[in-house]
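Remarks on the structure that follows.
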Amino acid sequence: MRVLIAGASGLIGSALGERLGREGHEVRRLVRREAREGGEFRWDPPSGTIASGAFEGVDAVVNLGGQRLFPGRWSAMRKQQLTDSRVEPTEVLAEAVAEHGVGVLVNASAVGYYGNTGTSTVDESAPRGGGFLAELCEVWEAATAGAGDARVVKIRTGLVLSAKGGLYGTLRPLFALCLGGRLGNGSQYMPWIALEDEVGAIVHVLAHDEVSGPVNLTGPEPVTNAEFTRAVGRALHRPAPWRVPGIALKAVLGQAGEEMALFGQRAVPAVLERTGYAFRHRTLGSALAAA
Ligand SMILES: NC(=O)c1ccc[n+]([C@@H]2O[C@H](COP(=O)([O-])OP(=O)(O)OC[C@H]3O[C@@H](n4cnc5c(N)ncnc54)[C@H](OP(=O)(O)O)[C@@H]3O)[C@@H](O)[C@H]2O)c1
């Protein structure tokens, strides 16, 4: 298969590119700088330009781009940038997918779509929740509408566990210094997924023609923040005795602190399980050991 990846330099994109390459697929990368290596094609999402030939013979496009949601507060300007950095590129890619008759578009989204779900279990049939992240995910997913006849898969990813980056990669050094702790009252659910399964699930949806629409990319057993904190402490052989009060998170980080740290989603991977994806890491302990 010839697969074109946008956001290929990121945590998920680089791991996906490596895996597809190892499995004998041809990987092309869209880059926002000058192309330096074979297989790289320059694009400029705000102006909608893509180097010619990028889509030639491409079977699938995987879009994993977007400005980081953390750290820092979400000012009105930052929210606009977070939205633009996802919606504009997705629209450009969706149009190109339709124009070039590409068979499948796999587009990033997040479990933030569901808002704050408390203890209720949510699968892909759950409605959009409240909050900025939920609204962002809705417009991000809607931006794939121009993809024409392509099969569109909207991957609603949870917290990807890797020491190399993402939220866990950022928190891990704090836990290693015994500075880890619960966030708020610790009852919010954290739908984690091992990086290996994030990539494995993308390969799975690429290969399964029957999969389209929203797909939760989360491990089968989401845990509460309190359980997550204890598990990370155990995995790193460090106590994680602290508790960061919710009020402090909101005071320092505003809406970003509230939605990123205190909102929870007990999201389960119903579509992946139904279509036979075999998780490499079904439990948090196994995923943390790998990370
Ligand atoms: N990691 C997670 O836990 C997680 C969870 C849920 C959802 N997601 C979403 O999944 C996607 C991939 O995640 P990731 O962890 O691999 O992210 P990442 O490591 O931050 O990489 C994202 C990539 O997006 C591109 N990018 C950065 N700023 C951009 C901008 N202003 N406009 C367009 N593209 C930009 C960059 O690639 P280039 O420089 O190569 O273009 C960057 O490497 C992101 O949209 C993220 O929000 C991630």
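The values are calculated or read from the model by the stated rules, or taken from the named source; none is laboratory data. Just so you know, these numbers come straight off a predicted model, no measurement behind them. Using ideal geometry, Cβ is built from the backbone for each residue, glycine included, and neighbour counts are taken over all protein chains shown. Ligands, DNA and RNA are excluded from the accessible area calculation, which covers all protein heavy atoms including side chains. Shrake-Rupley method; radii C 1.70, N 1.55, O 1.52, S 1.80 Å.
Given the options VAL252, VAL97, VAL152, state which has the largest fluctuation in a GNM of the chain using a 10 Å cut-off (strictly under) for Cα springs.
VAL252
Round to the nearest 10 and report in Å² the accessible area of ARG29, as given by a 1.4 Å probe over the protein chains' heavy atoms.
About 80 Å², ignoring ligands and nucleic acids.
Roughly speaking, what is the centre-to-centre gap between the stretch 158-229 and the stretch 100-142 when only Cα atoms are used, to the nearest Å?
Comparing the Cα centres of the stretch 158-229 and the stretch 100-142, I get a distance of 15 Å.
Please identify, among GLY148, GLY257, GLY72, the residue showing maximal mean-square fluctuation in a Gaussian network model of the chain using a 10 angstrom Cα cutoff.
Taking springs between Cα atoms under 10 Å, the residue moving most is GLY72.
Quick one: dipole size for the chain, taken about the Cα centre, charges +1 on Lys/Arg Cβ and -1 on Asp/Glu Cβ, in debye to the nearest 20.
Details: 30 positive and 30 negative charges, 293 e Å.
Charge dipole, the chain, about its Cα centre: 1400 debye, nearest 20.
Can you tell me the length gained on complete extension of the stretch GLU95 to THR119, counting 0.36 nm per residue apart and subtracting the Cα distance? Let's see the in-between values first.
On the way: separation 24, 0.36 × 24 = 8.64 nm, distance 3.87 nm.
Once the chain is fully extended between GLU95 and THR119, it gains 4.8 nm.
From a point 7 Å beyond the Cα of ARG243 in the direction of its Cβ, which residues of the stretch 100-135 have a backbone N at a distance under 20 Å?
Within reach of a label on ARG243, which here means backbone N under 20 Å from a point 7 Å along Cα→Cβ, the stretch 100-135 contributes 118-119.
Using a 1.4 Å probe over the heavy atoms of the protein chains, calculate the carbon and sulfur portion of the accessible area of the stretch 87-182 as a whole percent. Walk me through the numbers on the way to the answer.
Working: 2020 of 3860 Å².
Answer for the stretch 87-182 is 52 percent, counting heavy atoms of protein chains only.
Gain in length, GLN67 to ASP209, computed as 0.36 nm per residue apart minus the alpha-carbon separation, to one decimal in nm?
Values: separation 142, 0.36 × 142 = 51.12 nm, distance 2.98 nm.
Between GLN67 and ASP209, full extension yields an extra 48.1 nm.
Could you name the lysines in cross-link range of LYS154, using Cα to Cα under 23 Å and dropping any fewer than eight places away on the same chain?
Leaving aside lysines fewer than 8 places away in the same chain, those within reach of LYS154 are LYS79.
At q = 0.10 Å⁻¹, what is the base-10 log of I(q)/I(0) for the chain according to the Debye formula with one equal point scatterer per Cα and no solvent? Please give it to two decimals.
-0.52
Could you check which residue among ALA207, ALA147, ALA15 shows the biggest mean-square fluctuation in a GNM of the chain with a 10 Å Cα cutoff?
ALA207
How many Å² of accessible area per residue for the stretch 2-290, probe 1.4 Å?
That works out to 45 Å² per residue.
Can you pull the one-decimal nm distance between simple spin-label points at GLU88 and SER47, each 7 Å off the Cα toward Cβ?
It is 1.2 nm.
Tell me which of ALA35, LEU133, LEU183 sits at the most positive position along the dipole axis of the stretch 2-290, charges placed on C-beta atoms (Lys, Arg +1; Asp, Glu -1).
LEU183
Among the DSSP beta bridges whose two residues both lie in the chain, what percent are antiparallel, rounded to the nearest 5? Kindly include the intermediate steps, with their values, before the conclusion.
Values: 4 of 40 bridges.
Counting DSSP beta bridges with both partners in the chain, the antiparallel share is about 10 percent.
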